[in-house]
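First the structure, in the form of structure tokens, and then the observations on it.
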Amino acid sequence: MSTTRRTLFGAALGGAAGAAGAAVGIPATATAAHAASWQLKWSPSASGDKLGAFETIEDDRADSHPAGRPHIFATGDNWRFNMHTVDRDTSTDRQRQEVTGLRTSGGNYLKWTPGQTWRVTYSMYIPNSLKATTTFTRIMQMKQPGTGTSPIVVQSLRRVNGVQTIELKLAIDDILIGRTDLDPLHDKWTDVDFQIKVGDGTSGSVRWILKSGSTTVIDKSRTGVDTFRADRVRPKWGIYRSLGDTSGSLQDCYLLLTDLRGYQLV
């Protein structure tokens with residue numbers, strides 16, 4: 001199976017702005033009145049920007065496995081995240097190899113703040129070696145920046161009654177947005193479309209779409225939810241997992257990402 005992938009998300013974003021706005025909790029009348037549309041704000045290239053595409057890099061920040069470095073790097077059109085069973089984070093009951101944020105030209109980065117609506121699209125390749133676990137295994141998070149801050153949204157690989165699944169959950173209020181089987185997505189490219197309206201209390205919303213080829217695997221959304229803690233919202237990608245798994249699923253593995261794009265609804 002080839003691990004080189006190009007997607008068509010950019011073309012797909014040319015659809016009706018009213019429908020896009022409604023999906024993330026913006027009234028259709030307001031959307032039409034202001035002619036809201038998704039504007040491309042971030043389109044890095046793995047081959048060109050490499051790790052400069054991101055705000056920060058968290059590659060073995062505890063210096064637990066120097067021989068395995070780099071754990072995070074660009075290879076061809078993809079960003080690759082390697083995880084070894086010996087890797088440890090600063091909290092030694094877990095592992096973390098992640099990148100954060102959307103860095104733009106000039107060393108600046110995009111800030112997601114209350115009232116704004118953002119969308120990230122990309123393709124991910126999940127090999128069979130990256131399995132769902134009985135404890136947390138996260139491959140995308142939305143967080144408030146800062147050490148020790150709690151997540152806002154998590155895309156996780158979780159075992160449910162022995163079945164491997166991929167899910168999206170609002171971590172603040174422990175709300176499950178959607179869940180689907182992981183096994184059919186192993187060893188192939190899956191397209192991700194994640195949308196968030198940043199809002200405190202009940203003023204936020206999210207939408208989560210996964211596609212495998214031309215097939216929509218899942219399309220779930222939720223409005224009237226809390227998607228903000230403090231400061232701003234910052235995306236994270238990579239592998240962040242607990243060592244407390246009881247299913248025997250932890251092994252050396254990796255994750256590939258490509259065609260990362262960031263859009264703002266304006």
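Each row is one residue, and each column tells you yes or no for (1) over 19 Å from Val233 (Cα atoms); (2) in contact with a strand residue (DSSP E or B) (Cβ under 8 Å, 6 or more places away or on another chain); (3) assigned to a strand (DSSP E or B); (4) open to solvent by 10 Å² or more (accessible area, probe 1.4 Å).
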{"site": "Arg88", "(1), (2), (3), (4)": "yes, yes, no, yes"}
{"site": "Trp118", "(1), (2), (3), (4)": "no, yes, yes, no"}
{"site": "Met124", "(1), (2), (3), (4)": "yes, yes, yes, no"}
{"site": "Ser129", "(1), (2), (3), (4)": "yes, yes, no, yes"}
**Report entry** Test: residue in the range 180-190 that is crowded, with 20+ Cβ neighbours inside 10 Å, of a type in the set (S, T, N, Q), in contact with a helix residue (DSSP H, G or I) (Cβ under 9 Å, 6 or more places away or on another chain) and in contact (Cβ under 8 Å) with a residue 24 or more places away in the chain
**Finding:** no
Requested in this report: Kindly provide the set of residues from the range 225-261 that are of a type in the set (Gly, Ala, Ser), open to solvent by less than 10 Å² (accessible area, probe 1.4 Å) and over 20 Å from Ile57 (Cα atoms), ordered by number.
Outcome: Ser249
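Mind checking which residues of the range 193-212 are part of a loop (DSSP other than H, G, I, E, B) and open to solvent by less than 50 Å² (accessible area, probe 1.4 Å)?
Pass one, the range 193-212, residues part of a loop (DSSP other than H, G, I, E, B): 198-203.
Result: Val198, Gly199, Gly201.
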Requested in this report: Taking Phe136 as meeting all but one of (1) open to solvent by less than 10 Å² (accessible area, probe 1.4 Å); (2) under 18 Å from Phe81 (Cα atoms); (3) hydrophobic (A, V, I, L, M, F, W, C), write down the number of the exception.
Outcome: (1)
**Report entry** the range 94-128, residues that are within 17 Å of Arg138 (Cα to Cα) and charged (D, E, K, R)
**Finding:** Arg94, Arg96, Glu98
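Looking only at the range 139-179, filter to residues that are part of a strand (DSSP E or B) and among the charged types (D, E, K, R); which one of those is least open to solvent (accessible area, probe 1.4 Å)?
Here is the first cut: in the range 139-179, the residues part of a strand (DSSP E or B) are 139-143, 151-160, 163-170, 175-179.
Of the ones still in play, those that are also among the charged types (D, E, K, R) are 143, 158-159, 167, 169, 179.
On the way: Lys143: 23, Arg158: 58, Arg159: 54, Glu167: 0, Lys169: 39, Arg179: 92 Å².
Of everything passing the filter in the range 139-179, Glu167 is least open to solvent (accessible area, probe 1.4 Å).
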Report task. Please name all residue pairs, on different chains or six or more residues apart, with Cβ atoms under 6 Å, provided the first residue is in the range 191-212 and is under 15 Å from Asp259 (Cα atoms) and in contact (Cβ under 8 Å) with a residue 60 or more places away in the chain and the second residue is open to solvent by 10 Å² or more (accessible area, probe 1.4 Å) and of a type in the set (Lys, Arg). Result -> Asp191/Lys211
Query - Tyr125 being closer than 29 Å to Asp63 by Cα, hydroxyl-bearing (Ser, Thr, Tyr) and touching a residue at least 60 places away in the same chain (Cβ under 8 Å) - result: yes
Report task. Go through the range 44-82 and give me each residue that's aliphatic (A, V, I, L, M), more than 21 Å from Asn108 (Cβ to Cβ) and open to solvent by 60 Å² or more (accessible area, probe 1.4 Å). Result -> Ala67
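The values are calculated or read from the model by the stated rules, or taken from the named source; none is laboratory data. Keep in mind that this is a model prediction, so the values were computed, not measured. All Cβ positions, glycine included, derive from the backbone under ideal geometry; neighbour counts span all protein chains shown. Note: accessible area is taken over every heavy atom of the protein model, side chains too, but ligands, DNA and RNA are not part of it. Shrake-Rupley method; radii C 1.70, N 1.55, O 1.52, S 1.80 Å.
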